[in-house]
Each structure stands twice: as C-alpha cells, then as structure tokens.
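Right, one structure below, let's go through it.
Taken together, the values in this text are just the output of simple stated rules run on the coordinates, not laboratory data. Only a predicted model underlies this, so the values are computations on that prediction, with no experimental measurement involved. Virtual Cβ from ideal backbone geometry, glycine too; neighbours counted across all protein chains shown.
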Amino acid sequence: MENSDVNKVIEEFGHLPLEDMEYVAEIIRKQLIDVKRRTLAARVKEAKDNYSKGLSKKGTLKDLMEDLEGD
C-alpha cells in the first residue's frame, strides 16, 4: 500500500462516528493479531523443519556463548 493510500484511509477513518471508529479499530486489531499468529506459526514450522534436517544446533547457554564467541 502506498503512503498516499494510507493517508486516505486515515483521513476517512477520522470522519467516522466514534462508534464506527471503535468497531473498525477492533477489526484491524484482530486482523493484526491473526497475521502475527500466522507469521509465528510459519517461523515455528521453519524452525522445526531446520531441526529435523539437522540444520540447527542443540546445546546449553554456555555452548551458545562459546559458539558466538568463535564467530
């Protein structure tokens, strides 16, 4: 969405009655939560796939710190 489109949406939102603003805000909040949930689920799936393929490491915090220091 272009910046001008966002500005149009915000401007139109500002002309709504308060009750409609609250309704729209609630819908947008729920949609945002759903997008975040789907994004997290995709990341979890990717992590599980990487783990099952042996592309991730397993260890303690100390192992992690040593690995990071070695880079």
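Taking Cα centre as origin and charging only the Cβ of basic (Lys, Arg, +1) and acidic (Asp, Glu, -1) residues, the dipole magnitude of segment 3-70 rounds to 620 debye. Extension gain for LEU18-SER56 works out to 8.7 nm (0.36 nm per residue, less the C-alpha to C-alpha distance). Partner aspartates and glutamates whose Cα lies under 16 Å from the Cα of LYS36, excluding those fewer than 8 positions away in the same chain, are identified as GLU26, GLU46. Using 1/(1 + (r/R0)^6) with R0 = 22 angstrom and r between the beta carbons of SER4 and ARG29, what's the FRET efficiency to the nearest 0.05? About 0.40, to the nearest 0.05. Kindly express, to the nearest 10 degrees and within the range 0 to 90, the angle between helix 3-14's C-alpha long axis and the longest C-alpha principal axis of the chain. Roughly 50 degrees, rounded to the nearest 10.
Spacing of the modelled spin labels on LEU68 and LYS45, each 7 Å from Cα toward Cβ, amounts to 3.0 nm. For mean projected area of the Cα convex hull in nm², the value calculated from this model appears in (i) 5.2; (ii) 8.6; (iii) 7.3 under label (ii). Placing unit charges on the Cβ atoms of the charged side chains and taking the dipole of segment 8-71 about its Cα centre, the candidate lying farthest along the positive direction among LEU18, LEU40, LEU55 is LEU55.
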